[in-house]
Amino acid sequence: MTKTPAYAALSATTPLTHFSIDRREPGPHDVKIEILYCGVCHSDLHTARSEWAGTKYPCVPGHEIVGRVIAVGAQVTKVKVGDRAGVGCMVDSCGECESCKAGLEQYCYPGNVGTYNGHDRHSGGHTFGGYSGSITVTEHFVLTIPDALPLDAAAPLLCAGITLYSPLKHWGAGPGKRVGIIGLGGLGHMGVKLARAMGAQVVMITTSPEKAADAQKLGAHEVILSTDKAQMKAAEKTLDLLMNTVSAAHDYNAYQRLLRVDGAQVLLGVPPTDMPPPAVGRMIGNRLTLAASTIGGIAETQEMLEFCAAHGIVSDIETIRMDQINDAYERMLKGDVKYRFVIDMATLQAA
Ligand code: NAP
Ligand code: ZN
């Protein structure tokens, strides 16, 4: 074990602060990565503040991790020392169930091991995420970052990017499809870029009038202000697919009205409090699907990184110092981020 500096929440109600964690030395199949940048996902905030049940403290968030390989175990073939590498939302899974065998580790039957707040099969404790100096991960869960992608702006691809890429692909976003992205935050801005690159007609659906111009710059063909009843009425039955990235409880049924017959809304946000039940009548009357999805498998995440490299897609980021994280959480809650915070981990020691 090596003592490693980190930033942790010690309780649900106290700000994140300096902390020291133990990282294991690489076993035969392990890769040790020096963390250079870590994106800030809304899930970090939900978890640090125990907005979802079950946060274990100390909690070291961060699952949009990029850096350089600094050590590898004897059996490792995927990467070598010095390579650019990334880690997303999972660091382990059973490897044996139907999902794992199909490359759908995120849907591992016994459950994947989250990069933070998961059950660490090595230490017996819980996992610590990317707000730290380094991480040791079994090689299967290590991604390689294509040279064409800048490391800092590539970090958010590892959660926000794959969380949109996987369902967009699964539900057939592409030419001839009108795809609505609900919520222009970290996930939503990646959704706009990816759906556009897949060839779909992209419609941004936002509660924030001031984000309309940005949405178009990011690639949206059209923008709907969801708080404007007339705009929502005019858009009824015009979309094939909806990606709902909203982080707070809300009535997603209002968006079902935008779907054509056979349309699907995919819930991606994980609000901390209950949402209303589905309006089944409208779904039956229009053969609608209400679905949900989480991240993507490891092979698909690598495919997404190559897709982004080929299409020149990265996240729009604001780089912060480690000691700005508590303020960044407050700004994220206000929607004051364009469109993903990324921590420069070189600032961890000084923080
Ligand atoms: P974010 O950057 O804070 O963006 C969330 C966006 O939701 C906001 O920018 C805002 O967009 C919209 N919004 C917020 N409150 C709203 C409300 N009451 N009604 C309507 N819209 C509202 O968050 P994020 O990092 O993109 O994460 C979004 C959610 O996805 C979080 O719950 C996170 O935990 C979850 N998540 C899920 C997965 C998965 O695997 N499924 C992966 C990562 C994250 P506008 O201002 O444009 O309206
Ligand atoms: Zn995330």
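Regarding Asp316, is this residue among the acidic types (Asp, Glu) and away from ligand 1 (no atom under 14 Å from the Cβ)? For Asp316, the condition - among the acidic types (Asp, Glu) and away from ligand 1 (no atom under 14 Å from the Cβ) - is not met.
Note on the range 236-273: among residues that are over 21 Å from the mean Cα position of the chain (by Cα) and part of a loop (DSSP other than H, G, I, E, B), the one that is surrounded by the most Cβ atoms within 10 Å (Cβ to Cβ) is Leu258. Show the residue pairs meeting these rules: Cβ distance below 6 Å; 6+ apart or different chains; first residue within the range 267-288 and more than 16 Å from ligand 2 (Cβ to nearest atom); second residue open to solvent by 60 Å² or more (accessible area, probe 1.4 Å). Taking only residues 6 or more apart or on different chains, the pairs are Pro276/Asp251; Asn286/Val261; Arg287/Val261; Arg287/Asp262.
Name the one entry in Gly161, Gly185, Gly172 that is out of contact with any Gly (no Cβ under 6 Å at 6 or more places or on another chain), in contact (Cβ under 8 Å) with a residue 12 or more places away in the chain, more than 20 Å from Ile145 (Cβ to Cβ) and within 12 Å of ligand 1 (Cβ to nearest atom). Steps first, answer last, please.
On the way: Gly161 fails: more than 20 Å from Ile145 (Cβ to Cβ); Gly172 fails: within 12 Å of ligand 1 (Cβ to nearest atom).
Matching residue, one of Gly161, Gly185, Gly172: Gly185.
With respect to the conditions (1) in a helix (DSSP H, G or I); (2) of a type in the set (A, V, I, L, M); (3) open to solvent by less than 40 Å² (accessible area, probe 1.4 Å), Val314 lacks only one, and its number is (1).
The set of residues from the range 56-67 being away from ligand 2 (no atom under 12 Å from the Cβ), buried (at least 17 other Cβ atoms within 10 Å of the Cβ) and more than 14 Å from Tyr7 (Cα to Cα) comprises Val66, Gly67.
For the range 139-158, the count of residues that are at pLDDT 95 or above, away from ligand 2 (no atom under 15 Å from the Cβ), buried (at least 23 other Cβ atoms within 10 Å of the Cβ) and polar (S, T, N, Q) is zero. Within the set Ala71, Ala53, the sole residue that is open to solvent by less than 40 Å² (accessible area, probe 1.4 Å), more than 16 Å from the chain's Cα centre (by Cα) and either closer than 17 Å to Thr245 by Cβ or of a type outside the set (Ser, Thr, Tyr) (or both) turns out to be Ala71. For the range 103-112, does any single residue satisfy the condition of being farther than 23 Å from Asp323 by Cβ, within 13 Å of ligand 2 (Cβ to nearest atom) and outside any loop (DSSP other than H, G, I, E, B)? Yes, that holds for at least one residue. Among the residues examined, Tyr165 qualifies as touching a helix residue (DSSP H, G or I) at 6+ places or on another chain (Cβ under 6 Å), surrounded by 24 or more Cβ atoms within 10 Å (Cβ to Cβ) and over 28 Å from Pro5 (Cα atoms). Out of all the residues in the range 38-50, is one or more away from ligand 1 (no atom under 16 Å from the Cβ), open to solvent by 40 Å² or more (accessible area, probe 1.4 Å) and either within 25 Å of Thr301 (Cα to Cα) or in a loop (DSSP other than H, G, I, E, B) (or both)? No; the residues of the range 38-50 include none that is away from ligand 1 (no atom under 16 Å from the Cβ), open to solvent by 40 Å² or more (accessible area, probe 1.4 Å) and either within 25 Å of Thr301 (Cα to Cα) or in a loop (DSSP other than H, G, I, E, B) (or both).
Per the conditions (1) aliphatic (A, V, I, L, M); (2) open to solvent by less than 30 Å² (accessible area, probe 1.4 Å); (3) within 22 Å of the chain's Cα centre (by Cα), the sole criterion not satisfied by Ala12 is (2). When the test is whether a residue is under 16 Å from Gly130 (Cβ atoms) and either open to solvent by 30 Å² or more (accessible area, probe 1.4 Å) or within 16 Å of ligand 1 (Cβ to nearest atom) (or both), Gly88 passes it.
The values are calculated or read from the model by the stated rules, or taken from the named source; none is laboratory data. As the structure is a prediction and not an experimental result, all values here were calculated from the model. Backbone-built Cβ (ideal geometry, glycine too); neighbour counts: all protein chains shown. SASA here: full protein model, heavy atoms, side chains in, ligands and nucleic acids out. Shrake-Rupley method; radii C 1.70, N 1.55, O 1.52, S 1.80 Å.
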